[in-house]
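Notes to accompany the following structure.
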Amino acid sequence: MRVQDAINVEDFRELARRRLPRAVFDAMEGGAGDEVSLRRNRTAFDRIEFRPRPLADVATRDLSTTVFGERLSMPIMLAPTGAGRLARSSAEIAVARAAARADIVYMQSTVAAFPLEDVAARSTGTLWYQLYLPPNRAEVGNLVRRIAAAGYRALAITIDTPVLGNRERDTRNKLMSRPPHPKMLLQGASKPAWATDFIRGKFDFMRKFDFMRKFDFMRGQFGAGCPGGPSRLSLNQTRATIKSSSDCVTWEDVERIRSLWEGPLLLKGLMRGDECDRLVELGVDGVVVSNHGGRQLDGVPATIDILPEVVDAAARRLTVFLDGGVRRGNDVVKALALGAAGVFVGRPYLYGLAAGGEAGVLRMIELLRVEFDHAMALLGAATVADLDRSLVSGARIPST
Ligand code: FNR
């Protein structure tokens, strides 16, 4: 199958699986622990049913939406991921350019391969920035100024990663081993197209940017603080570092960043409604209901099951987004009907990136757009504003 033959996200997943070494594919695909939450994100979408509204005039449809005062071609957005360069060396540059061509939002990760200024300079689209706080809080002010100066429109602080999730696929695959484990090298050699691109990209990257600084940042922030951290640590050392290296975002951090950042401020990773009042008081503008794609605390509910609770608690004072398990246009419609202002996809565009770079990401987005439009028509909704809870059943709506 070629990129142009892919007709849905699952096809892109299969293309990515074939092109990537097993350990790299696992690093994108996997979740934490027993991957219960990862599976739940999908199965919960399947449980929700449509209740189409017949006889609605859906001859012309408009998928566009306005978010934080900005018109977007549709409410599907690209979530931050730090794994782009493992998929393909063009990484965030390719993703940002595809998002710009599709006229949708791309949120760049703090642990992206390319510096935030570089991505902003090489794309014309609407960019948001995802923030992991530097362990040295004195650096936050400078980072926030750089993000604003580069033209990022909104800032989202990820709040579900005080330590890295226990990703056992990565531990087994010895993904974090330095120098690379022979198993990794063998797997890389068995995928020559990927390996050539990876090595070329790595040399380019080391020439242009400070690769080791990013790596040190990740290790310093989460690497040693998780059971699957650097494989050379003994269990005792790991226990000690769990105590000392965790880096949590606190309410004080949110307050401080609110005072530093003038644009829309979001928190990414909220999984309960009862924090909303306090967030509103702090001046937060929005939240992403997210369980980090099932990669952090295993055992949390599916995001689509928590969405109505957060939407109700936010009571229009916060703009609520969702990510986790969105693989079809139908999933997008379900989330919007349950009150999301937009949805983010993570793995789907990483599959597109691995399969075909910028063109692969763009094709994946356009396939989702077609499915989204199709679902809207069949459901009887001509615009995003026509979507409401009466169009779905089987969702977990909190009793009032
Ligand atoms: C992520 N995610 C993530 N989130 C974040 O805030 N900062 C980050 O750097 C990353 N990195 C990252 C890498 C990879 C490989 C994945 C799969 C995910 C989480 C991401 O933003 C989003 O919450 C999930 O990917 C959404 O779930 P789906 O769409 O992948 O099911």
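Only the coordinates and a few stated rules stand behind these numbers; no lab work does. Values in this document were obtained by computation on a predicted structure and should not be read as measured data. Here the Cβ positions follow ideal geometry from the backbone for every residue, glycine too, while neighbour counts run over all protein chains shown.
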Inter-probe distance in nm under a simple model that places probes 7 Å from Cα toward Cβ, at Glu49 and Asp62: 3.3
J(HN,Hα) series, the stretch 131-145, from Karplus relation 6.51 cos²θ - 1.76 cosθ + 1.60, nearest Hz, glycine and proline x: 10, 9, 6, x, x, 8, 4, 5, 7, 4, x, 5, 4, 5, 5
The stretch 88-133 - Kirkwood radius from inverse mean 1/r over Cα pairs (Å): 10.4
From phi via Karplus (6.51, -1.76, 1.60), per-residue ³J(HN,Hα) for the stretch 365-373 in Hz, x at Gly/Pro: 4, 5, 5, 5, 5, 5, 5, 4, 4
Gyration tensor (Cα) of the stretch 276-400, equivalent ellipsoid semi-axes in angstrom: 25, 19, 13
Cα convex hull of the stretch 80-176 - mean projected area over all directions, nm²: 6.9
Descending Cα extents along the principal axes, the stretch 1-147, whole Å: 58, 41, 32
Diffusion coefficient, µm² s⁻¹, Stokes-Einstein with Kirkwood Rh over alpha-carbon pairs of the chain at 10 °C and 1.306 mPa s: 74
DSSP beta bridges in the chain [antiparallel fraction, %, rounded to 5]: 15
Long-range amide H partners of Lys268 with built H, under 5 Å: Ile157, Thr158, Ile159, Val288
Restricting the stretch 1-104 to trypsin sites (Lys or Arg not before Pro) in coil, as DSSP defines it, with at most 10 other Cβ within 10 Å: Arg2
Per-residue HN-Hα couplings for the stretch 8-21 [Karplus 6.51, -1.76, 1.60; θ = phi - 60°; Hz; x = Gly/Pro]: 7, 4, 4, 4, 5, 4, 5, 4, 5, 4, 6, 7, 9, x
Translational diffusion coefficient (Stokes-Einstein; Kirkwood radius from C-alpha pairs) of the stretch 16-58 at 25 °C, 0.890 mPa s, in µm²/s: 180
Hydrodynamic radius by Kirkwood, which averages 1/r over all alpha carbon pairs of the stretch 120-182, in angstrom: 14.7
Length added when fully stretched, Thr171-Val36, from 0.36 nm per residue minus Cα-Cα: 46.8 nm
The chain, relative contact order [Cα under 8 Å, separation at least 6], %: 28
